[in-house]
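> Sharing a structure with you now.
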Amino acid sequence: MANPYQSPTKTTQHAQASPYWYVLFYRLYWPAWWIGTALIAGSWFNIVSPTVGWIGFGLAGAASLGAYVLPSLAGVKPEDYVVLDSRLLNSKGEAYSNALERFSNGATLMYDGVAFGFRPDNEIACGVVAQSPNINETEAREIADHAQSVFDTLTASSPEFASSVAGQTFRISIMSGMDANATELFRVVDGSIESRV
């Protein structure tokens, strides 16, 4: 008998759901914003002409407006999140089914202090918060090991989660906090750790 909660067709298609133009925007957003801001500052100090400063203003403004408008046009709802715990994971009941369905549709999934979410460039991003913004590489490696362990647990225990993330690049981002001003301290991809500060 097939698992009534499993929906592999829907979840495996999610990885390709973001349009190409949104993937391109996602990759260019921060460089465009920083270049635009630098051009604006350059015009204030007469390093570049006022015309170039206005071009920078347009570039930074377009990036900011795009970040506000384009995710909804692409069907991305980054504010949506669901919380899963071991009780729900073991029960495989209706709440579990609803949580995994929302995750497959783009919601961020929280499990054991680790957040998982799809990114448009074929990534499953894992976010975990450090206890302090002043951590070293050894401490970052311990946090990344915990995040990897949680990912492995979900993959082994949930066929729906496993099918959703199949074929995705797994990225761990160790963050300084959970607020809007949080920064990425370290990033781990394929076991390789990189400082981001």
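> How much length would be gained if the chain were fully extended between Ile47 and Glu184, taking 0.36 nm per residue of separation minus their Cα-Cα distance, in nm to one decimal? Working shown, then result.
Numbers: separation 137, 0.36 × 137 = 49.32 nm, distance 3.08 nm.
Contour length minus the Cα-Cα distance gives 46.2 nm.
> Starting at the first residue of the range 132-141, write each ³J(HN,Hα) from the Karplus equation 6.51 cos²θ - 1.76 cosθ + 1.60 with θ = phi - 60°, in whole Hz, x for Gly and Pro.
For the range 132-141, the Karplus curve yields 8, x, 10, 10, 9, 5, 5, 5, 5, 5 Hz.
> Is the shape of the range 78-195 rounded, prolate or oblate, going by the alpha carbon gyration tensor and its root eigenvalues a ≥ b ≥ c, with a/c under 1.5 for rounded and a/b larger than b/c for prolate? Intermediate values should be presented prior to the final figure.
On the way: a/c = 1.74, a/b = 1.68, b/c = 1.03.
Prolate shape, in that a/c is at least 1.5 and a/b is the bigger ratio.
> Nearest 20 debye, what's the magnitude of the dipole of the range 78-195 about its Cα centre given +1 on Lys and Arg Cβ and -1 on Asp and Glu Cβ? Write out the running numbers ahead of the final one.
On the way: 7 positive and 18 negative charges, 40 e Å.
In debye, rounded to 20, the range 78-195 gives about 200.
Here, each number is a calculation from the coordinates, and none is a lab measurement. These numbers come from a predicted model, not from an experiment. Cβ coordinates were reconstructed from backbone atoms using ideal geometry, including for glycine residues, and neighbour counts include every protein chain displayed.
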